[in-house]
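See structure below.
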Amino acid sequence: MKVAVFSDVQGNRPAMEEAVARILDWGPELVVMAGDLINRGPSSLACLERFDALRRAHGWLPVNGNHETWVQRCGREPPRDALEAELRRFADWTYRQIEPRLDALRDWPDHLCFNAGTDDSWVHVTHGTLAGNRHGIGTRATDEELRSVVPTDLALFVTAHTHRPLERMLDGMPILNVGSVGSPFDGDPRGSFALLTFEHNAWRWEIVRFVYDRRQAERDFDDLGFIEHGGPLARILFEEWKRARPLMALWRSDFEPAVLAGERALQPAVDAFLARLD
């Protein structure tokens with residue numbers, strides 16, 4: 001049995017198209033998109049429609065990510081005040097982009113399980129862990145921490161969310177993080193996904209790193225309006241993509257508290273944050 005799992009496209013159409021072409025060429029029996037197909041990037045609608053077409057034509061399966069959850073919540077709940085409206089402008093922009101195709105997001109599950117025809121070959125795929133789709137597994141997570149948020153009695157647990165590929169063991173059970181198609185955070189700008197093969201009564205896998213047209217992806221951030229209409233934080237998200245490094249956590253720890261307290265205006269604070277990166 002051959003299974004492909006990819007995640008965290010984040011509205012990056014050139015990266016998605018390259019990943020899709022490679023997966024189709026490999027010819028798996030099952031493909032799972034493990035969440036965060038949309039948001040943070042300029043082409044959420046195009047990525048959603050492309051995936052929906054693949055779902056209808058080839059039976060590809062979705063799993064809900066935290067960005068699917070959040071963007072749909074933004075559509076239901078208006079911002080509480082002007083500051084929150086500015087802080088989430090990029091997500092509201094994404095919602096307006098995908099609103100005509102909300103049907104394609106309907107009833108996505110948070111978890112997906114399958115096997116290769118035997119009781120001891122079960123695989124569990126989710127965007128985060130049992131604690132939620134915002135709870136990722138990184139290199140610093142201890143076995144003790146993971147035992148309360150990862151299912152037992154599996155042949156393989158597959159996750160994403162952190163934008164970093166990872167392979168580790170927990171009490172003899174392998175855990176695989178497939179990384180990110182569209183916005184890696186490990187310093188390597190190449191996208192990633194996983195190819196799983198069940199043979200000789202065991203799962204084996206390969207993390208595929210691939211190059212794609214980053215020049216087109218960079219143009220899309222400007223040409224499709226993400227930078228112009230996504231608010232001040234869109235510039236930080238663009239830098240995350242460009243540098244293949246997480247920056248929002250640093251923003252939230254060092255600059256956002258003063259903005260939320262009314263001590264600094266948002267736009268100058270973002271300018272100061274980005275200047276510090278240079």
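Quick one: net charge around HIS124, please, counting Lys, Arg +1 and Asp, Glu -1 for every other residue with C-beta under 12 Å from its C-beta. Neighbour charge sum, excluding HIS124 itself: -2.
Taking the Cα centre as origin and putting +1 on Lys and Arg beta-carbons and -1 on Asp and Glu beta-carbons, what dipole magnitude results for region 155-273, to the nearest 20 debye?
In total the dipole reaches around 220 debye.
When each of the peptides 232-239, 36-43 is scored by how many other beta carbons lie within 10 Å of its residues on average, the order from highest to lowest is 36-43, 232-239.
Candidates LEU233, ALA265, PHE255 compared by Cα position along the dipole of region 216-268: farthest toward the positive end lies PHE255, with charges placed on Cβ.
In the context of the full protein assembly, MET1 retains an accessible surface of approximately 70 Å², using a probe radius of 1.4 Å and ignoring ligands and nucleic acids. Accessible surface comparison of ILE175, ILE227, probe 1.4 Å, protein chains only, largest first: the order is ILE227, ILE175. For LEU274, the accessible surface of its heavy atoms amounts to roughly 20 Å² (probe 1.4 Å, protein chains only, rounded to the nearest 10).
LEU277 contributes about 40 Å² of solvent-accessible surface, heavy atoms of the protein only, 1.4 Å probe.
Surface composition of region 2-210: carbon plus sulfur atoms hold 46% of the accessible area, using a 1.4 angstrom probe and ignoring ligands, DNA and RNA. Net charge in the neighbourhood of GLU77 (other residues with Cβ under 14 Å of its Cβ; Lys, Arg +1, Asp, Glu -1) is +1. Considering helices alone, the calculated mean residue ellipticity of the chain at 222 nm is -11000 deg cm²/dmol, with DSSP H runs of length four and up weighted by -39500 (n - 2.57) and normalised per residue.
The values are calculated or read from the model by the stated rules, or taken from the named source; none is laboratory data. These numbers come from a predicted model, not from an experiment. Neighbour counts are summed over all protein chains in view; Cβ atoms, including those assigned to glycine, are modelled from backbone coordinates with ideal geometry. The area values use the complete protein model at the heavy-atom level, side chains included, leaving out ligands, DNA and RNA. Shrake-Rupley method; radii C 1.70, N 1.55, O 1.52, S 1.80 Å.
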